[in-house]
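Novice: Please read through the structure below; I'll follow up with questions.
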Amino acid sequence: MKMLKGKVAVITGAARGIGKTIAMEYARSGADLAISDLKMDKTLEAAAREMAQTGARVLPFASDAASFDDAQQFIDSVVDEFGRVDVLVNNAGITRDNLLMRMSEDDFDLVMKVNLKSVFNLTKAVQRTMLKQRSGSIINMASVVGLQGNAGQANYAASKSGIIGFTKSVAQELGSRNIRCNAVAPGFIVTEMTGELDDKVRDDWISTIPLKREGTPQDVANVCVFLASQLSEYVTGQTISVDGGLNR
Ligand code: NAI
């Protein structure tokens, strides 16, 4: 079913991993896309070509989500090209894990800037367009770690908890204009980010998950289609866990 037909979606950090899978699923669901990543390289260009094979119009952009000016220029170009923005997925994110004892100030600041400030940057940039349209769906990528914390990830957990507070506030501010804002909190999803874990760590994680398997980017993308579509038109300010039941 083409649930996103006629919609224009912006997805950050979409050259690979969860962002790429969300963008692919949006394209299959009928949306046109503006996808961004840090560099305009073969990976981003190939991702855009793959998505365009669905018949979607797909434009790739090099844009640093952590930069306020980049985010504004990116969205200005999207509005010039497509005339509207219906869906924004703030997906770009990084980890710089370490115990607090060893965590540097730079690693704290960088994670906050890329994971949390980027959400502010892009949301500010689309706000005017969505207000004019009197519609929009903003989807922010949080994490189970933002709900529960995790030893060795104080910076990452703080950034993801911050996203949840930001999401709830924006939902309250913009709800009267029919702009929705929700967060998705994935659990243990297999991507390049988690692929480096050794087997023992991976098995330990899986044993704690009620559904007894790791998640896939597709599991996350499916929920993101729901949040972008009319099926969720009465859902805002929520954090939806996609974690096999990990968060209780
Ligand atoms: P990934 O590392 O595979 O992909 C992230 C993409 O974002 C990369 O293409 C990277 O180049 C891009 N990116 C990084 N910094 C950027 C910036 N400043 N501007 C634009 N693009 C930037 O990561 P993955 O696993 O696909 O994660 C995507 C999101 O999901 C992240 O926000 C992550 O925190 C979140 N998440 C991932 C989980 C997992 O288990 N993989 C679990 C929970 C949340």
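Novice: Would you check which residues across segment 114-124 are within 14 Å of the ligand (Cβ to nearest atom), open to solvent by 10 Å² or more (accessible area, probe 1.4 Å) and not β-branched (V, I, T) and list them?
Specialist: Matches in segment 114-124: L116, K117, F120.
Novice: Going through segment 47-67 one residue at a time, which ones are within 12 Å of the ligand (Cβ to nearest atom) and open to solvent by 20 Å² or more (accessible area, probe 1.4 Å)?
Specialist: Just the residues of segment 47-67 that are within 12 Å of the ligand (Cβ to nearest atom), to begin with: 47, 60-67.
Residues satisfying the conditions are P60, F61, A62, D64, S67.
Novice: Does I189 qualify as being within 11 Å of the ligand (Cβ to nearest atom) and either over 16 Å from the mean Cα position of the chain (by Cα) or of a type in the set (V, I, T) (or both)?
Specialist: Answer is yes for this residue.
Novice: Anything in segment 101-153 that is among the charged types (D, E, K, R) and more than 26 Å from E173 (Cβ to Cβ)? List them, or say none.
Specialist: R102, E105, D106, D107, D109
Novice: Among the helices (runs of 4 or more DSSP H) confined wholly to segment 133-213, which include 1 or more residues that are within 30 Å of A31 (Cβ to Cβ), open to solvent by less than 70 Å² (accessible area, probe 1.4 Å) and in contact (Cβ under 8 Å) with a residue 12 or more places away in the chain?
Specialist: Of the helices (runs of 4 or more DSSP H) lying wholly inside segment 133-213, those with at least 1 residues that are within 30 Å of A31 (Cβ to Cβ), open to solvent by less than 70 Å² (accessible area, probe 1.4 Å) and in contact (Cβ under 8 Å) with a residue 12 or more places away in the chain span 144-148, 154-174.
Novice: List pairs: first residue in segment 13-24 and farther than 18 Å from S143 by Cβ, second residue within 6 Å of the ligand (Cβ to nearest atom) and not in a loop (DSSP other than H, G, I, E, B) anywhere in the structure, Cβ distance under 6 angstrom, at least six positions apart or on different chains.
Specialist: That search, which allows pairs on different chains as well, returns A15/D37.
Novice: Quick check on segment 215-224. Is at least one of its residues at pLDDT 95 or above, buried (at least 21 other Cβ atoms within 10 Å of the Cβ) and more than 15 Å from the chain's Cα centre (by Cα)?
Specialist: Checking segment 215-224: at least one residue is at pLDDT 95 or above, buried (at least 21 other Cβ atoms within 10 Å of the Cβ) and more than 15 Å from the chain's Cα centre (by Cα).
Novice: Restricting attention to segment 1-30, which residues are part of a helix (DSSP H, G or I), more than 12 Å from the ligand (Cβ to nearest atom) and either among the β-branched types (V, I, T) or under 18 Å from F61 (Cβ atoms) (or both)?
Specialist: Those that are part of a helix (DSSP H, G or I), more than 12 Å from the ligand (Cβ to nearest atom) and either among the β-branched types (V, I, T) or under 18 Å from F61 (Cβ atoms) (or both): M24, Y26, A27.
Novice: A follow-up question, please. Residues of segment 161-184 being small (G, A, S) and closer than 21 Å to E233 by Cβ, which ones?
Specialist: S169, A171, G175, S176, A183
Novice: On the basis of being away from the ligand (no atom under 16 Å from the Cβ) and open to solvent by 10 Å² or more (accessible area, probe 1.4 Å), does Q72 make the cut?
Specialist: no
Novice: Would you mind finding the one in N140, N178 that is within 16 Å of the ligand (Cβ to nearest atom) and touching a strand residue (DSSP E or B) at 6+ places or on another chain (Cβ under 8 Å)?
Specialist: Testing whether each residue is within 16 Å of the ligand (Cβ to nearest atom) and touching a strand residue (DSSP E or B) at 6+ places or on another chain (Cβ under 8 Å) leaves just N140.
The rows are residues; the columns are (1) of a type in the set (K, R); (2) over 21 Å from Y156 (Cα atoms).
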residue	(1), (2)
A185	no, no
D199	no, yes
R202	yes, no
Q218	no, yes
A228	no, yes
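Novice: Another question, then. Filter segment 227-241 down to residues that are part of a helix (DSSP H, G or I) and more than 12 Å from A183 (Cα to Cα) and give me whichever is least open to solvent (accessible area, probe 1.4 Å).
Specialist: S232
Novice: Return the residues of segment 81-110 that are away from the ligand (no atom under 11 Å from the Cβ), surrounded by 21 or more Cβ atoms within 10 Å (Cβ to Cβ) and assigned to a loop (DSSP other than H, G, I, E, B); say none if nothing qualifies.
Specialist: Within segment 81-110, V85, D86 qualify.
The values are calculated or read from the model by the stated rules, or taken from the named source; none is laboratory data. A quick note: this is a predicted structure, and the numbers were derived from the prediction, not measured. Backbone-built Cβ (ideal geometry, glycine too); neighbour counts: all protein chains shown. Heads up: the accessible areas ignore ligands, DNA and RNA and are worked out on the full protein's heavy atoms, side chains in. Shrake-Rupley method; radii C 1.70, N 1.55, O 1.52, S 1.80 Å.
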